[in-house]
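The values are calculated or read from the model by the stated rules, or taken from the named source; none is laboratory data. Computed from a predicted structure; not experimentally measured. Glycine also receives a Cβ, built like all others from the backbone with ideal geometry; neighbour counts cover every protein chain displayed.
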Amino acid sequence: MTIARPCQIKTTCPYCGVGCGVLAAPDGAGGLKVTGDKAHPANFGRLCSKGSALAETVGLDDRVLTPRINGADASWDDALGVVADRFRATIAEHGPDSVAFYVSGQLLTEDYYVANKLMKGFIGSANIDTNSRLCMASSVAGHKRAFGTDTVPGTYEDLEEADLVVLTGSNLAWCHPVLYQRIVAAKAARPSMKIVVIDPRRTATCDAADMHLPIAPGADVALFNGLLRRIRDVGAVDAAFVRSAVDGFDEALSAATSKIDAETGVDGDLLRRFYDLWVRTEKVVTVYSQGVNQSSQGTDKVNAILNCHLATGRIGKPGMGPFSVTGQPNAMGGREVGGLANMLACHLDIENAAHRMTVRDFWQAPAMPEKAGLKAVEMFDAIERGAIKALWVMATNPAVSMPEADRVRAAIAGCDFVVVSDITAQTDTARLAHVLLPATGWGEKEGTVTNSERRISRQRGALPAPGAARHDWRILCDFAAHMGWGAAFDYSSPAEIFREYATLSGIAAGMGKDFDISGLAGISDAEYADLAPVQWPVSATRSGGRFFGDGQFFTESGRAKMLPVRTTAPATAADRRYPFRLNTGRVRDHWHTMTRTAKSPRLSQHMAEPYLEIHPDDASRLGLRPAGIADVESRAGRVLARVIVTDRVRPGEVFVPMHWTAETAALGRVDALVASVVDPVSGQPDSKGAVVGIASFAAGWFGFAVSVAKPRLDAPYWAMARARDGWRLELAGVEAPEDWEAWGRAVFGLPPEAEALVVSDAARGGARLAFLSEGRLQAALFVSAQPVAVSRSFMAGQLGAAAAPAHLSGQPGQDVPDPGATVCACFDVGVNTILASIESQQLASVEAIGVALQAGTNCGSCRPELAALLTSTLHREAAE
Ligand SMILES: Nc1nc2c(c(=O)[nH]1)N[C@H]1C(S)=C(S)[C@@H](COP(=O)(O)OP(=O)(O)OC[C@H]3O[C@@H](n4cnc5c(=O)[nH]c(N)nc54)[C@H](O)[C@@H]3O)O[C@H]1N2
Ligand SMILES: Nc1nc2c(c(=O)[nH]1)N[C@H]1C(S)=C(S)[C@@H](COP(=O)(O)OP(=O)(O)OC[C@H]3O[C@@H](n4cnc5c(=O)[nH]c(N)nc54)[C@H](O)[C@@H]3O)O[C@H]1N2
Ligand code: SF4
Ligand SMILES: [Mo]
């Protein structure tokens, strides 16, 4: 008899860099129950909407379960044999730099370490770069210029202990929700604490802010240079700290001259109030993210921020410091293992001969490159030129997420040999693979990740590897064996890899490096299995804590450096044809290219299609109406997106999220529009600085549909999202099909015997159709000459239900309330429910909404939106 073992596995969330602890309990049927780990110091039990919905993303329906060669199932031996043959032949004929790995901050540290060792020590090329180039490269470069090392000085407690938290280029409420909730809770407990948001958009993060500075895009250097001057003018410089620990003060100050007010685009009074607040508040943390990093001046922006903290000595002390928050779960770990093309492992530099020799000896490496490899954008250019002939992509989706994504997609399609390791075959990149390798995913993998505050946590497997899927480190080691390097890669577990890595970090520390986890070099398998979250450094002399408060830096002189940084004009100028600045970024409930979050119906309800936010003045000038379709064009490509008219964006600027792909929308890949412009120091793309032209898409018809079967689409505009028992679809086109019933049958894959109820609505140029099978709703389609006004949430919940008149009206009957678009994903509470309760129960606070409806009481990610709904109703009441 087998006894069911009650078990709850401690692991870490695979999404953002907050790095929340998760308890995963297998349900015995291949699924998991997921809750927050109260003992984890990143989240103390909290999870955001994405973390809470993890259980909905572990199903196997779209997983790739066997290796495939040119689309045909293959054995591992055959697949890796082909990969090794092709890599070996390419290297023999064209040299090691004719091959490349493009990897990811979503690999675990052990996977990452092995990939890096393989490419840099054995293939003998530095052509391994990572999607962290699109994410953290400017922070890395800025840190190294100022501190001599890529190290985040502070801890999460600093955000709670600060008297002023500045969030610049960070939509923390949506992108690091648990950290944001920690700040909001700290402010609630200590209302004197101030929050300032610097962002061209009025984001959800602004809802907790005392001040929002709607900065002109790219103007961060001007803004922080102005702050530096103010610091000097009012005598807030920490002269003793600067004298003993900082170089470059005078140069930085003399570079910081210009007409700051005009350049920042921020009202002069507001700017001065912010400067005064910053200058007089000792305990200040400046948090920054992609609004800073993803810029043609990203590294200078980072240094402009660091300059202010160095000048005031507000760094590495409780409640003070610059704080670059990391995006991906292991963005930080990837930086530590040297995943970037210019790094070696353990913060050692590839172009430093002593570092190179040390690592070569340690790895007993047969071939080490002497120069940095190609950075992401350069790498895909080299692929396009044919200079790189074999590419291996792991855990990232460059055909969607790279700038000039159409060109990148074509470059990958044209590459002689492409290997992709992924958990699914259904990605824009995986579809281009010659060899597709099935990796294990979150919930199955074993290893470690490092979060934004340098805390190393274990990811642990709670589910078995499905089908033939293998762990990423194992795939790489098996490949190495095929290449003849088996002995150097004969690891039997991630623990063994981790020990080797920790040992190397001790050697690096001996060379003056700060990344040191040598205290874990002797960790046993059992200790690794039980490893509790631990902040580095972990050595005989140090454990965790902050860096640089003691004035010790890691430059050659041991002193920090303030950099002279100057504002430059945007790299891409707007012109008559492309007059709008395109800002891009994230939504609350989706993760990047949605290969996981789109599996959750709950997460798919919040934002169900690609959209464009545009200011009311611009919209009316262009004739764009709310819920119409925008046709967006740049020199690089085209996107169709739903119009949201809102004064949350500034005139002349628009925002489009990054999540939609060719799998989920007709023309929704925003990176098709973004130019391949990079920061000259870090090589990070200017993902928020493209210019575009916008027109109204001349839709002859609009549609909304739900379908049990996955639709096979044929329309100029479509976007597809999961509903509970099928799919929901947004549609638009120019010329309407003659026969909607026939169109629907084909698109929804309906058998001839399915019954169709059709109401033609000629007056509104439309039709309403319901398709039934055995009396139950299989699909419904609503078309109209105007954007379709039916209740999406109601219809999305009706698939499979017994036929009802409401299926043709698209609205619930009077007796059934229509919840409206989901606001609270945890308890599935819609906007109409919330508005109705605010009115009927006179709810006046987010807490009161929580008591009445539960909304906002679990993960808290929707609390900013609840606050906004309260404000909107209060305004309405005030106006009435
Ligand atoms: N829900 C969700 N959370 C995520 C992710 C996700 O996909 N979904 N991804 C994770 C990853 S990998 C990352 S890197 C992080 C990113 O986290 P964030 O950086 O917070 O997210 P973004 O939305 O990319 O951009 C942040 C803000 O920068 C602003 N911005 C644009 N240009 C400028 C500028 O010139 N100056 C300033 N000051 N601000 C500007 C934008 O308006 C935007 O609100 O999120 C992580 N968390
Ligand atoms: N315009 C614009 N572009 C951007 C950004 C932006 O703000 N604006 N942000 C940039 C940033 S910061 C980032 S981080 C990137 C993110 O962009 P990507 O890295 O391209 O996006 P993901 O969807 O996270 O891709 C991860 C892939 O790994 C697969 N995967 C998941 N788990 C595993 C695993 O365990 N093993 C393997 N082998 N595969 C796995 C997933 O199915 C998915 O295909 O996008 C960048 N691009
Ligand atoms: S904040 Fe959300 S997405 Fe980020 S690690 Fe925590 S639960 Fe995961
Ligand atoms: Mo990122």
Residue check, residue 749 against (1) assigned to a strand (DSSP E or B); (2) surrounded by fewer than 20 Cβ atoms within 10 Å (Cβ to Cβ), all met but one. Which one? (1)
Checking 188, 137, 162 in turn, the sole residue that is under 24 Å from the mean Cα position of the chain (by Cα) and either in the same structural domain as residue 49 (by TED's automatic domain parsing) or modelled with pLDDT of 95 or more (or both) turns out to be 137
Just to be sure, is residue 73 surrounded by fewer than 20 Cβ atoms within 10 Å (Cβ to Cβ), in contact with a helix residue (DSSP H, G or I) (Cβ under 9 Å, 6 or more places away or on another chain) and among the charged types (D, E, K, R)? no
What about residue 340, is it under 29 Å from the mean Cα position of the chain (by Cα), within 15 Å of ligand 4 (Cβ to nearest atom) and either farther than 28 Å from residue 680 by Cβ or buried (at least 24 other Cβ atoms within 10 Å of the Cβ) (or both)? yes
Going residue by residue through the range 536-555, is there one that turns out to be hydrophobic (A, V, I, L, M, F, W, C), buried (at least 22 other Cβ atoms within 10 Å of the Cβ) and either closer than 30 Å to residue 864 by Cβ or modelled with pLDDT under 95 (or both)? no
Subset of the range 560-591 [closer than 30 Å to residue 149 by Cα, assigned to a loop (DSSP other than H, G, I, E, B) and touching a residue at least 12 places away in the same chain (Cβ under 8 Å)]: 562, 563, 564, 565, 566, 567, 568, 570, 571, 586, 591
If you scan the range 804-851, which residues turn out to be more than 29 Å from residue 207 (Cα to Cα), part of a helix (DSSP H, G or I) and of a type in the set (A, V, I, L, M, F, W, C)? 806, 808
Can you confirm whether residue 798 is of a type in the set (S, T, N, Q), within 16 Å of residue 729 (Cβ to Cβ) and part of a loop (DSSP other than H, G, I, E, B)? yes
Selected residue (only one of 252, 216 is in a loop (DSSP other than H, G, I, E, B) and surrounded by 18 or more Cβ atoms within 10 Å (Cβ to Cβ)): 216
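For the range 303-311, does any single residue satisfy the condition of being aliphatic (A, V, I, L, M), in contact (Cβ under 8 Å) with a residue 24 or more places away in the chain and closer than 20 Å to residue 689 by Cα?
yes
Table: residues versus (1) within 16 Å of ligand 2 (Cβ to nearest atom); (2) surrounded by fewer than 23 Cβ atoms within 10 Å (Cβ to Cβ); (3) assigned by TED's automatic domain parsing to the domain that holds residue 669.
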position	(1), (2), (3)
433	yes, no, no
442	yes, no, no
446	yes, yes, no
450	yes, no, no
453	no, no, no
List the number of the failed condition for residue 207; all other conditions in (1) away from ligand 2 (no atom under 16 Å from the Cβ); (2) over 27 Å from residue 567 (Cα atoms); (3) at pLDDT 95 or above hold. (3)
Going through 597, 584, 593 one at a time, which residue ends up being closer than 17 Å to residue 174 by Cα, surrounded by fewer than 22 Cβ atoms within 10 Å (Cβ to Cβ) and under 19 Å from the mean Cα position of the chain (by Cα)? 584
From the list 515, 489, 479, pick out the single residue that is closer than 19 Å to residue 346 by Cβ and crowded, with 21+ Cβ neighbours inside 10 Å. 515
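Within the range 44-64, can one find any residue that is surrounded by fewer than 17 Cβ atoms within 10 Å (Cβ to Cβ), within 16 Å of ligand 3 (Cβ to nearest atom) and at pLDDT 95 or above?
Yes.
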Boolean, residue 529 is in contact with a helix residue (DSSP H, G or I) (Cβ under 8 Å, 6 or more places away or on another chain), closer than 20 Å to residue 316 by Cβ and assigned to a helix (DSSP H, G or I): no
Restricting to the range 190-244, and then to whatever is small (Gly, Ala, Ser) and within 16 Å of ligand 3 (Cβ to nearest atom), can you tell me which residue is farthest from residue 570 (Cα to Cα)? 208
Would you call residue 292 in the same structural domain as residue 151 (by TED's automatic domain parsing), of a type in the set (A, V, I, L, M) and within 16 Å of ligand 2 (Cβ to nearest atom)? yes
